[in-house]
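Reviewing the structure listed below.
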Amino acid sequence: MVTYIDAADAPLKNTGQVRLYGPEDFEGMRKAGQLTARCLDELAAIVKPGVTTQEIDDFVFEFGEANGALPATLNYRGYTKSTCTSVNHVVCHGIPNEKPLRDGDIVNIDVTYILDGWHGDSSRMYPVGKIKRAAERLIEVTYESLLLGIAAAKPGNTTGDIGHAIQTYVEGERCSVVRDFCGHGVGRLFHDTPNILHYGRPGEGIELKPGMIFTIEPMVNLGRPHVKVLSDGWTAVTRDRSLSAQFEHAIGITPDGCEIFTTSPGGLDKPGMTPA
Ligand code: MF3
Ligand code: CO
Ligand code: CO
């Protein structure tokens, strides 16, 4: 059985209990989330053919530095970059490098700034130049699945309701949901209880209560759901080399639904895509 604890009374380590946060904590997450969202907005103008993912990483580090924030991924469990850049069939945790992006690529950029101790964790897909219709559709499906997951994130529902909403929609669109990575509690810790699976059954998992803060970050493949991690220990790719996409928001459960901490201030939640 899961137990819930007032975040103010909980030790700063993952104890397996679900933290419930107060209004001041929500304000901290709002500030961190908005800084991350502003960075992801700026990246919309930077991502184009010829740009390297290392240049993207440099921008993320410098934007953080200019705003009093550090990237949470830097020296996290041996990871040495400020962001994850996952291109085409890379599912997540792509390591920035000197290889230029090419026309037709799709790239997920995942940024987590630590601002005043709070972790603003969010990612978006960016088309590079002109992309194929299949890639565009995958991005649309993935974004829509995140919104459906967020719509299910309200008191009385469970984590399984979120996963079920995402899975039924994605599979109905003949795409697949990655099982090997999940959303997570977030706040003063980067990765905390609970796990938020992007598949599941209604009513399963744990009950959502006001004050919970976590990410939803579905990874969706055009082909089969299976992934493997490359020998660098990080880069996760689709086993069938099909295209993969991901969007991530950090949210907080409110009495009547949820607040998204990482919404785009510039209306660039789905950068470079024609509005639906
Ligand atoms: N930002 C990722 C997430 O959404 C985690 C990246 S951890 C890293 O949870 F070490 F790979 F950077
Ligand atoms: Co996350
Ligand atoms: Co992330």
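Key figures for this structure:
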read-out	value
Rough spin-label spacing in nm, given labels placed 7 Å along Cα→Cβ, for Asp256 and Lys132	4.6 nm
Whole-number accessible area per residue in Å² for segment 18-260, which is evaluated in the context of all protein chains at 1.4 Å	40 Å²
Viscosity 1.002 mPa s, temperature 20 °C, Stokes-Einstein D of segment 161-276 from Kirkwood C-alpha radius, µm²/s	137 µm²/s
3J(HN,Hα) from dihedral phi, segment 242-258, Karplus parametrisation 6.51/-1.76/1.60, rounded to Hz, x for glycine, proline	6, 5, 9, 9, 7, 10, 9, 10, 9, 10, x, 6, 10, x, 10, x, 8
Accessible area in the full protein assembly, largest first, 1.4 Å probe, for Met1, Met212	Met1, Met212
Förster-model FRET efficiency, 35 Å R0, Asp58 and Thr15, C-beta, rounded to 0.05	0.45
Scattering curve values for segment 18-260, log₁₀ I(q)/I(0), Debye with Cα scatterers, q = 0.09 Å⁻¹	-0.35
Contour excess over end-to-end distance, with Cα ends at Tyr79 and Arg102 and 0.36 nm allotted per residue	5.8 nm
Vicinal HN-Hα couplings computed from phi for segment 165-178 (Karplus, 6.51 cos²θ - 1.76 cosθ + 1.60; Hz; Gly/Pro x)	4, 5, 5, 5, 5, 4, 6, x, 8, 6, 10, 10, 9, 5
Residue order for Trp234, Trp118 - accessible surface, 1.4 angstrom probe, largest first	Trp234, Trp118
Of Lys13/Lys154; Lys132/Lys270; Lys130/Lys270; Lys99/Lys270, pairs whose Cα-Cα distance is over 21 Å	Lys13/Lys154; Lys99/Lys270
Centre separation in Å (Cα based) which lies between segment 170-232 and segment 248-267	17 Å
DSSP-defined beta bridges in the chain - what % are antiparallel, rounded to 5	95 percent
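The values are calculated or read from the model by the stated rules, or taken from the named source; none is laboratory data. Predicted model, so just to flag it, every value in this text is computed and none were measured. No Cβ is skipped: glycine too gets one built from the backbone with ideal geometry, and neighbour counts run over all protein chains shown. In case anyone asks, the SASA skips ligands and DNA or RNA and just uses the protein heavy atoms, side chains included. Shrake-Rupley method; radii C 1.70, N 1.55, O 1.52, S 1.80 Å.
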